[in-house]
Amino acid sequence: MQANERIKHLRKEILKLNQEDFAGKIHISRANLGSIEIGRINLTERVVSDICREFAVSRDWLLQGTEPVFQENNDPFADEIVKIYLSLNDDNRKYLRGYMQRLLA
């Protein structure tokens, strides 16, 4: 499986997101994502970084197919926080980030 195919697999089979929602979370157009998924255009470093950051995906898995799919974390509570965060809409994510930043201040 190539990187573009892994992106489509991640979006559809693992995260269960449509192209519009996935693309919005990584700040590209739906058409651009579709072109990446079918291999019409190449992945950019920015898109790779955004996918890894936004969805906690392992860079090695995304680019080479090396398991695990998600970045390893030895803290089960942190894993639960990531799952909850990924299920939030954009407004709630912004609110949560602001709240966490205030806690650190």
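Of everything in segment 19-50 that is outside any helix (DSSP H, G or I) and open to solvent by 80 Å² or more (accessible area, probe 1.4 Å), the residue that is farthest from I84 (Cα to Cα) is R40. Only one of the numbered conditions (1) open to solvent by 40 Å² or more (accessible area, probe 1.4 Å); (2) under 15 Å from I7 (Cα atoms) is violated by L103, and that is (2).
E20 - would you say it is at negative phi, among the charged types (D, E, K, R) and within 14 Å of the chain's Cα centre (by Cα)? In short, yes.
Restricting attention to segment 76-96, the residues that are open to solvent by 70 Å² or more (accessible area, probe 1.4 Å) and either of a type in the set (D, E) or in contact (Cβ under 8 Å) with a residue 60 or more places away in the chain (or both) total 3.
Checked against the criterion of being open to solvent by 60 Å² or more (accessible area, probe 1.4 Å), outside any loop (DSSP other than H, G, I, E, B) and under 30 Å from M100 (Cα atoms), the candidates R53, R11 yield just one match: R53.
The values are calculated or read from the model by the stated rules, or taken from the named source; none is laboratory data. What you are looking at is a predicted structure, and each value in this text was computed from that prediction instead of being measured. For neighbour counting, all protein chains shown are included, and Cβ atoms are generated from backbone atoms with ideal geometry for every residue, glycine included. These accessible areas exclude ligands, DNA and RNA; they are computed on the full protein's heavy atoms, side chains included. Shrake-Rupley method; radii C 1.70, N 1.55, O 1.52, S 1.80 Å.
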